[in-house]
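A quick write-up on the structure given underneath.
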Amino acid sequence: MTAVLSLGSNLGDRIGHLRRGLEVLDQHAFVRAVSPVYETASVGFGDAPPYLNLVALIDSDDPERTLVAAHAAEQSQGRLRSRRWGPRTLDVDVISVGSTTSTDPRLTLPHPRAHQRAFVLIPWLDLDPDAWLPGRGAARDLLGSLPDQGVVRAAESMSLPR
């Protein structure tokens, strides 16, 4: 089964944080594919630096293990949970784990705002043109319904952590 993870960084060595986060994820679960990197403006904090974002597909059929891997990647880069949607060295969101759905507040699946985030949908579509968000529909249709995509391709590309 495939899990979809969204990684973002807007503090310090953004590319380095993404790279090292992918390496940690690969230690927990096989990273199958990594999207190109996109740059987006920080939402809600006008003075915060822009984010670099990517999507990774990993082999996982266990939502809890996927969340543990995501938290390990964040912790490896000194992630502090000081304020919601604030600047961070590395943020790893579990977007989906196969077709699993969950309303558990610790890990809601699919991610409750993924369908509203171009910085998730665009890189995901780079990896899977037929991407499907459980309970929401085709990622392509979800992206088309967004009023402003607000995403710019960054100069960097990302390779698999091997």
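No lab work stands behind these numbers, since they all come straight from the coordinates. Only a predicted model underlies this, so the values are computations on that prediction, with no experimental measurement involved. When we count neighbours, we look across all protein chains shown, and the Cβ atoms used for this are built from the backbone with ideal geometry, even at glycine.
Centroid-to-centroid, using Cα positions, the stretch 94-131 and the stretch 1-50 are 14 Å apart. The label point for Glu23 and the one for Ala138, both projected 7 Å from the Cα toward the Cβ, are 4.0 nm apart.
Local charge sum around Pro36 (other residues, Cβ-Cβ under 13 Å, Lys/Arg +1, Asp/Glu -1)?
-2
Given a Förster distance of 45 angstrom, what is the FRET efficiency for Asp62 paired with Asp148, based on the Cβ-Cβ distance and rounded to 0.05? E(calc), rounded to 0.05, equals 0.80. Taken as entire DSSP H runs, the helices of the chain that both span 15 Å or more between Cα atoms along their own long axis and average -1.0 or more on the Kyte-Doolittle scale are 14-28, 63-76.
Modelled spin-label separation between Asp128 and Ser102, with each label point placed 7 Å from Cα along the Cα-to-Cβ direction: 1.7 nm.
Pulled fully out, how much extra length does the chain show between Glu156 and Asp47, if you take 0.36 nm times their separation in residues and subtract their Cα-Cα distance? Present the calculation step by step, with values, prior to reporting the outcome.
Numbers: separation 109, 0.36 × 109 = 39.24 nm, distance 2.31 nm.
Gain on stretching Glu156 to Asp47: 36.9 nm.
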